[in-house]
Structure formats: structure tokens, C-alpha cells
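The values are calculated or read from the model by the stated rules, or taken from the named source; none is laboratory data. Note that the structure is predicted; figures quoted are calculated from it, not measured. Glycine gets a Cβ as well: all are built from the backbone with ideal geometry, and neighbour counts include every protein chain shown.
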Amino acid sequence: MKRFIVFEGIDASGKETQAKLLASFFINKGHKVLLTHEPIYDKPIGKIIRSNLEKKISLAPETIAMLYAADRYEHYLQIKKALSEEKIVISDRYKYSNMAYQGANGVNPEWIEEIEKYSKDPDLIFYIRVKPESAMKRRKEKDLYEENIDFQRKVFHIYEELSKKYNFITIDGEKSIDEIHKDIIKYLE
């Protein structure tokens, strides 16, 4: 059984919703689950990342990429513990988000891959594929990235490349929430 599952995609693609639905699915089947997300905003590194996103501080994109990688290492310790306890781990975002978002900010993708090489690879990566224009219509509250359609297009194109390179399981995120969930379950079965 695949026990470390990651959801990736642009902002407002439905990752969080699908991660929660999958966690419920596994819990209803009697499995222990750790549902998690990145970054971990309540930890010290995550607080710095949040301050940068909220424009309270301004850091170079490379610095942000390193902070995400450092946050991920702290996250990995939680994941490792959960996997050792035979839990299924479902994460809303992982190292590929760093590659997509910081890559769209101009950071060299190969450099990001290098600083991310110590991250454990997930067993499955579901890429909820939604066009930036569709995602913008879905979102009620905007943040730094979601306000900028050109930036979202850059992120989308990088995700398209990453999906091929890392063999993401691409799910049509333009469908209804229930249809997307059914597609994910079909794949797992």
C-alpha cells in the first residue's frame, strides 16, 4: 500500500479539499492517518515564511526557497514518525511546491532540486490540474500569489513540467469535487 501521498497544484486547485476527503476515506476504512500541509505556519521557520508572504518582511527568493526546504525537513521528521507508526501520511503540498513557486520567482530550478534532494520522496503525487483562470474564479480571499494571474500561469507551466519529470498522477481539477475524489479513489483501487 502507498503510505505517503502528496497533493500538488496551483493555489485554489482543490488540493486541501481532496487531501481532507482522502484522509476521511482512509479513516473510514480503519486506517490511521496523518493529514498535514506545508509550510508549517505555527513553527518558527513557517512564521518567517508567513511574514514574507504577508509582506511584513522582504527576503530574496533564494532565501525563501531555503526556508521552505528547512521547513520541509522539520515536516519530514513528523512524516517519518507517522510512517514508523504505520500511519498513512497525506500532505497538502510538498517539495514540488517549492520548485514551482520559487521557480516562478526566478530561482534556478536545478538549484532548488539540489537543496530539496534530502527530502523523502512520496509514494504518490496527485497533481490537481486546474487552469489559472479557473482557480482565480474559485478563490474568495486572495493572497500574494493568487492576485497575480501572470504569476499563477508561470507556476502552472512549471507544474506541467514537473508532472512529467516526476510522474505525477494528473487529475482533472476542472471537474466537481465529488468527481475528482472518485477519480483519486479509482486510481488508488
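Give me the residue from the stretch 22-40 that is within 23 Å of MET136 (Cβ to Cβ) and not in a strand (DSSP E or B) and, out of that set, modelled with the lowest pLDDT. Only one residue tops the list, namely PRO39. Just one of the numbered conditions (1) surrounded by fewer than 20 Cβ atoms within 10 Å (Cβ to Cβ); (2) hydrophobic (A, V, I, L, M, F, W, C); (3) out of contact with any His (no Cβ under 9 Å at 6 or more places or on another chain) is not true of LEU21: (3). Only one entry of GLU62, GLU86, GLU54 meets the criterion of being closer than 22 Å to LYS117 by Cβ, more than 13 Å from the chain's Cα centre (by Cα) and surrounded by fewer than 22 Cβ atoms within 10 Å (Cβ to Cβ), and that entry is GLU62.
The single condition among (1) free of Cβ contacts under 8 Å to residues at least 24 places away in the same chain; (2) surrounded by 15 or more Cβ atoms within 10 Å (Cβ to Cβ) that LEU77 does not meet is (2). Between ILE171, ILE177, the distinction of being among the β-branched types (Val, Ile, Thr), touching a residue at least 40 places away in the same chain (Cβ under 8 Å) and touching a Gly at 6+ places or on another chain (Cβ under 8 Å) belongs to ILE177 only. If I filter the stretch 25-34 for residues that are of a type outside the set (Val, Ile, Thr) and over 30 Å from GLU189 (Cα atoms), do I get at least one hit? No. Among the residues of the stretch 42-65, none qualifies, meaning not one is of a type outside the set (Asp, Glu), in contact with a His (Cβ under 8 Å, 6 or more places away or on another chain) and assigned to a loop (DSSP other than H, G, I, E, B).
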